[in-house]
Amino acid sequence: MKFFDFHIQGRDHDSSLRLLLEASRLGYQGGVLVYPSDRYPALKSDLESLRENPELRDFEIARGVMINASDPRDMRRSVNKFRKKADVIYVSGGNLKVNRAACESRRVDVLSAPYTSRRDPGINHVLAREAARNNVAVELPLADVIGSWLKVRARVLEQFREILKLHRKFGFPLLLTSRASSIYDLRTPGDIMNLAECFGMESSEAEESLTSTPASILEDSGNRHLLIAEGVRLLPES
């Protein structure tokens with residue numbers, strides 16, 4: 001069983017190396033370095049160097065791209081651009097139309113923080129059903145809890161609870177991540193599972209969000225660029 005931190009924010013080679021080494025020390029066996037889409041070339045060169053580092057020999061590193069889209073059309077264009085290039089495609093949530101487009105797309109891996117800048121969780125029964133049907137994971141970055149205070153923290157925890165209820169009812173994948181940008185943002189897998197209890201997660205659910213769900217996403221992501229629509233898949237070139 002491997003523990004993954006599925007969202008580590010990469011900035012440059014040195015900071016990414018420090019983050020990955022610290023994640024390994026804290027008990028993770030893998031992680032995803034996530035860069036904004038406009039910095040993908042840096043991600044590609046950094047990743048090759050990091051994977052060759054002997055200190056990370058036993059640590060699985062995946063490449064992720066965060067897409068910040070203004071509307072569904074912009075989202076789909078960016079997803080198509082990066083689908084074959086990245087291991088994991090993230091869509092930054094908040095805009096309800098973009099949230100819906102992400103949940104309806106079989107080429108998206110993760111809808112990140114759909115509640116951003118909202119007072120509701122950013123997904124409802126309709127979107128939850130679509131996310132389950134298309135196997136789109138919803139990411140709950142614990143940085144939004146750890147880095148907030150008082151009313152904001154209480155609202156985020158309530159949004160997490162509502163998303164957890166939808167997850168239990170409809171069965172879309174759920175991810176717990178650090179979204180760490182410095183080593184001080186990282187937490188051990190045990191600490192994250194304990195923190196998840198604050199919004200009602202069972203320990204088995206939290207463990208799944210750190211182990212089998214990330215592993216499943218990485219396993220499936222290589223085929224997502226072949227998916228066109230429900231029941232329709234491109235055949236790989238022989």
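The values are calculated or read from the model by the stated rules, or taken from the named source; none is laboratory data. On a predicted model such as this, the values are computed, not experimentally measured, just so you know. Reconstructed Cβ throughout: ideal geometry from the backbone, glycine too, with neighbour counts over all protein chains shown. Areas reflect the complete protein model, heavy atoms only, side chains present, ligands, DNA and RNA absent. Shrake-Rupley method; radii C 1.70, N 1.55, O 1.52, S 1.80 Å.
Here the scattering of the chain is modelled by Debye summation over its C-alpha atoms, one equal scatterer each and no solvent; at q = 0.15, 0.16, 0.18 Å⁻¹ the log10 of I(q)/I(0) is -1.00, -1.15, -1.46. Using a 1.4 Å probe over the heavy atoms of the protein chains, calculate the carbon and sulfur portion of the accessible area of the chain as a whole percent. Answer for the chain is 49 percent, counting heavy atoms of protein chains only.
Find, among the GluC sites (Glu not before Pro) in the stretch 1-57, those assigned to loop by DSSP (not H, G, I, E, B) with at most 14 other beta-carbon atoms within 10 angstrom.
Values: sites: Glu22, Glu48, Glu52, Glu55; in loops: Glu52.
Sites meeting the loop and neighbour criteria: Glu52.
Of Lys81/Lys165; Lys97/Lys169; Lys2/Lys165; Lys97/Lys165, which sit over 29 Å apart, Cα to Cα? The pairs that break the limit, which is 29 Å between Cα atoms, are Lys81/Lys165. When the Gaussian network model of the chain links Cα atoms closer than 10 Å, the mean-square fluctuations of Arg76, Arg18, Arg161 top out at Arg18.
Given only helices, namely DSSP H runs of n ≥ 4 each adding -39500 (n - 2.57), what is the per-residue ellipticity at 222 nm of the chain, to the nearest 500 deg cm²/dmol? When only DSSP H runs of four or more count, the value is -13500 deg cm²/dmol.
Counting only aspartates and glutamates at least 8 places from Lys151 when in the same chain, those with an alpha carbon closer than 18 Å to its own are Asp120, Glu162.
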